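A.B. asks: Here it is, the structure in full.
The values are calculated or read from the model by the stated rules, or taken from the named source; none is laboratory data. Note that the coordinates shown come from a computational prediction; the quantities given were computed from them, not determined experimentally. As a convention, Cβ positions derive from the backbone with ideal geometry for all residues, glycine included, and neighbour counts pool all protein chains shown.
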Amino acid sequence: MTVHPTSNPVAPTSRWMAAARARESERPDRLFDDPLAAALAGPEGFAWLERMEAAAQSSGPGLYPVIRTRFFDDFLLKACKESGIRQVVLAAAGLDTRAFRLEWPSNTQLYELDLPEVLDAKDAVIEAAGARANCERHTVRVDLKETDWPKALLTAGYRPESESVWLIEGLLFYLTWNDVHGLLEKVSTLTAVGSYLGLDVMNTGLFFSPVAWPMMAALARRGATGRFGTNAPEKLTAIHGWETNVTQPGEEGANFGRWPRPMLPRKIPGVPRSFLVTARRT
Ligand code: SAM
């Protein structure tokens, strides 16, 4: 995925995520298996992963997406299997292959929303591999910063009156405050009571931490500048009508025996953090 002057510089980060999933898939103790990930990542994805790990001087830029992937795999499947939900919306789906990897209940409709250039490149790889989805997969080519993307989702067959489960994974960090709240507001208008929402968000400490600065600078140099963080992820979704749970990677339910450091309590300030948020529409 070559970045053209007019294209969104966040688009190639989808390849970095795919590279992390490809590397995970090679481990004997892998948390998931993503056979399409290496082809989706391509050399550019592995180069991003290497550069970000070098900048961070840690395996964090590879491990975080892996923990997050497995955490939200479990969340999405639980919502479908235990609550009978049959509509799944992956906002900023990137090169996510959950439509192919996971065993969905029959008649699950799965909507992947992302930029046209990302979904075009993804579909080319999927077609070449001859992969078949385990659900009804719908790709919806949209810019989530625009106001009219809900129309495209509705046209693709999504029914707002029925319960759904949404995931906004790896996106909010790159958006402005206005775009984050604009997006969450639209998601709320599109979801019936009882629907579920998962998302990940960084804290503000990440933006001021000398530890995180080299990686933030490396991202900014590539145009993928980090813009949004919050220390109150519960409030972020609560004000849009969601009852929220927050887990930090490494805590119970998001550890999987793989997170290397003990988690510092949230009351300790100045620590860079990420939050895995799950919520239910009230
Ligand atoms: N959720 C995927 C994952 O975890 O592998 C992809 C995460 S990747 C870090 C960020 C994704 O956000 C990219 O696929 C990018 O194209 C998408 N994105 C960024 N800005 C967007 C926008 N304005 N509209 C739609 N998608 C956007």
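A.B. asks: Of all residues in the stretch 136-173, which are polar (S, T, N, Q) and within 18 Å of the chain's Cα centre (by Cα)?
C.D. replies: To start, the set of residues in the stretch 136-173 that are polar (S, T, N, Q) comprises 139, 147, 155, 162, 164.
Within the stretch 136-173, THR139, SER164 qualify.
A.B. asks: Right, another one. List pairs: first residue in the stretch 156-169 and under 24 Å from ARG68 (Cβ atoms) and of a type in the set (Gly, Ala, Ser), second residue away from the ligand (no atom under 16 Å from the Cβ) and not in a loop (DSSP other than H, G, I, E, B) anywhere in the structure, Cβ distance under 8 angstrom, at least six positions apart or on different chains.
C.D. replies: Pairs found: SER164/GLN87; SER164/TYR196.
A.B. asks: Let me ask you something else. Would you check if there is a residue in the stretch 51-70 being of a type in the set (Asp, Glu) and touching a residue at least 24 places away in the same chain (Cβ under 8 Å)? Reasoning before the result, please.
C.D. replies: So in the stretch 51-70, the residues of a type in the set (Asp, Glu) come out as 53.
Right, trim to touching a residue at least 24 places away in the same chain (Cβ under 8 Å) and you get none.
Checked against the condition, which is being of a type in the set (Asp, Glu) and touching a residue at least 24 places away in the same chain (Cβ under 8 Å), the stretch 51-70 yields no hits at all.
A.B. asks: Please state which of the following conditions GLU24 fails to meet, knowing it meets all the rest: (1) assigned to a loop (DSSP other than H, G, I, E, B); (2) within 14 Å of the ligand (Cβ to nearest atom).
C.D. replies: (1)
A.B. asks: Ok, one more. Looking at ASP29, is it assigned to a loop (DSSP other than H, G, I, E, B) and buried (at least 22 other Cβ atoms within 10 Å of the Cβ)?
C.D. replies: no
A.B. asks: OK, next. Given the conditions (1) under 21 Å from ASP123 (Cα atoms); (2) buried (at least 18 other Cβ atoms within 10 Å of the Cβ); (3) not charged (D, E, K, R), report the number of the one that LEU49 does not fulfil.
C.D. replies: (1)
Every residue, every condition in (1) at pLDDT 95 or above; (2) out of contact with any strand residue (DSSP E or B) (no Cβ under 7 Å at 6 or more places or on another chain); (3) surrounded by fewer than 21 Cβ atoms within 10 Å (Cβ to Cβ); (4) not charged (D, E, K, R), yes or no:
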| site | (1), (2), (3), (4) |
| --- | --- |
| ILE168 | yes, no, no, yes |
| HIS181 | yes, yes, yes, yes |
| LYS186 | yes, yes, yes, no |
| LEU190 | yes, yes, yes, yes |
| ARG222 | yes, yes, yes, no |
| PHE228 | yes, yes, yes, yes |
| GLU234 | yes, no, yes, no |
| THR237 | yes, no, no, yes |
| VAL246 | yes, no, yes, yes |
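A.B. asks: Same structure, new question: Just to be sure, is VAL89 under 15 Å from ALA156 (Cα atoms), at pLDDT 95 or above, within 16 Å of the ligand (Cβ to nearest atom) and surrounded by 14 or more Cβ atoms within 10 Å (Cβ to Cβ)? So that I can check it myself, show each step before the final result.
C.D. replies: Values: under 15 Å from ALA156 (Cα atoms): yes; at pLDDT 95 or above: yes; within 16 Å of the ligand (Cβ to nearest atom): yes; surrounded by 14 or more Cβ atoms within 10 Å (Cβ to Cβ): yes.
Taking the combined requirement at face value, the residue satisfies it.
A.B. asks: Now a separate question. Inside the stretch 50-80, can you point out the residues that are over 21 Å from GLN248 (Cβ atoms) and within 16 Å of the chain's Cα centre (by Cα)?
C.D. replies: LEU77, the sole residue that qualifies.
Condition check ((1) of a type in the set (S, T, N, Q); (2) surrounded by fewer than 17 Cβ atoms within 10 Å (Cβ to Cβ); (3) within 16 Å of the ligand (Cβ to nearest atom)) across all residues:
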site	(1), (2), (3)
HIS138	no, no, yes
LEU144	no, no, yes
PRO160	no, yes, no
LEU199	no, no, yes
THR204	yes, yes, no
MET215	no, no, yes
LEU219	no, no, yes
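A.B. asks: Would you check if GLY250 is surrounded by 15 or more Cβ atoms within 10 Å (Cβ to Cβ) and modelled with pLDDT under 95?
C.D. replies: Working: surrounded by 15 or more Cβ atoms within 10 Å (Cβ to Cβ): yes; modelled with pLDDT under 95: yes.
Criteria met by GLY250.
A.B. asks: Considering each of ALA11, ALA99, ALA79, ALA19 in turn, give the residue that is modelled with pLDDT of 95 or more, buried (at least 23 other Cβ atoms within 10 Å of the Cβ), within 11 Å of the ligand (Cβ to nearest atom) and hydrophobic (A, V, I, L, M, F, W, C).
C.D. replies: Working: ALA11 fails: buried (at least 23 other Cβ atoms within 10 Å of the Cβ); ALA99 fails: within 11 Å of the ligand (Cβ to nearest atom); ALA79 fails: within 11 Å of the ligand (Cβ to nearest atom).
Only one candidate passes the filter, namely ALA19.
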